[in-house]
Amino acid sequence: MKGNFIPRGIIPALVTPLKNSEEVDLIGLKKLIRYQLDNGVHGIFVSGSTGEFYALSLEEKQKLIETTMEEVNGKVPVYAGTNAITTKESIQLTKMAESCGVDAVSILTPMFISPSANELYDHYKTIALNTGLPIVLYNNAPRTGVGIPVDTCVRLATDCNNIIGIKDSSGDFTLTGEYIRRTRHLPHFHVLQGRDTQILSGLVYGATGAIAATANVAPALVVEIYEKYQNGDLAGALEAQYALAPLRIAFSLGTFPAVIKEALQMIGIPAGVTTAPCGPLNEVEKNQLHTVLVGMKLIQ
């Protein structure tokens, strides 16, 4: 494992830019990465749920990660999603990501099936034993239907030295808080906020950062929440959190992640289509999103 790796700061969960043919747009990806780096993000995350991992082949994921590694060029850590329903496939994806040189992987709970807590424990422990990479667990029960119980998280953090964190996108801050409280005695383990309206709440409670989908569109503002909090400017961090909220709330205007891609198009970053059956926003939804972006001063 890359020694004493700490997941921290604002880590954008990037969309995967696609051409109209649904082929990965690597030129668009490079432009999106440069936009993130120019605005001070602390990491880059690819092939996650925001990146439509479920729609990409193994070869596409590998090219996505390789291109990301080239464009980032060591400026910040690179995280890759190695999500799969089966343990076997997740190990395969994790080994591929490791061969590409990523700094860490994030692994979502299996979807469609309903593994028990013990089966989840075995799933993650087996993956951890098959890689030297740091692993960030990913809890997003609202999408997968499978959550990571706090006891299971604590067991994995205690038993596996390379399981070094968890991203919680549940939106349930009591759960996020329990992940933090129950693992605070483990110096190698850290909690990342995955619900963008709760970034500051997480930092105040003890999270080390956030993996944030809204950072695709407004990276400087999301970074401002983190940096102002770190510098002791709680009032400034709170104002930045308030300013970000309308963008995250606007996600409900379309089928995820169409709103993020449409917002990127509006600010001049090519993101392309979402993978069918997810479609574009209609004109009413586009106008509502445009109003949000104008209000945030992201476009004139």
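Readers should treat all values here as calculations from the given coordinates under stated rules, not as data from a laboratory. All values derive from a computational prediction rather than experimental measurement. Note that each Cβ is placed from the backbone with ideal geometry, even for glycine, and that neighbours are counted across all protein chains shown.
For mean projected area of the Cα convex hull in nm², the candidate list reads (1) 25.4; (2) 16.4; (3) 14.1; the entry that matches the value derived from this model is (3).
Model label sites at Lys63 and Ile27, defined 7 Å from Cα along the beta-carbon direction, differ in position by 1.4 nm.
Counting only helical runs of four or more DSSP H residues, what would the 222 nm mean residue ellipticity of the chain come to if each run contributes -39,500 (n - 2.57) and the total is spread over all its residues?
-14000 deg cm²/dmol
So how much slack lies between Thr86 and Glu119, counting 0.36 nm per residue of separation and subtracting their Cα-Cα distance, in nm?
Contour length minus Cα-Cα distance gives 10.8 nm.
The fewest-to-most ranking of Ser170, Ser106, Ser21 by surrounding Cβ atoms within 10 Å reads Ser21, Ser170, Ser106.
From least to most packed, judged by other beta carbons within 10 angstrom and beginning with the fewest, Val222, Val273, Val15, Val41 follow the order Val273, Val41, Val15, Val222.
Report, ordered by chain and residue number, the aspartates and glutamates lying within cross-link reach of Lys61, taken as a straight Cα distance under 19 Å and ignoring same-chain residues fewer than 8 apart. Straight-line reach from Lys61, under 19 Å: Glu22, Glu23, Asp25, Glu52, Glu70, Glu71, Glu89, Glu98, Asp103. Remark: spin-label model distance Lys297-Ser252 equals 2.7 nm, labels positioned 7 Å along the Cα→Cβ axis.
Placing dummy labels 7 Å off each Cα toward the beta-carbon, the span from Leu186 to Ala245 is 3.3 nm. Counting beta carbons within 10 Å around each of Cys153, Cys100 and listing the fewest first gives the order Cys100, Cys153. Among beta bridges from DSSP that stay inside the chain, the antiparallel ones total about 5%.
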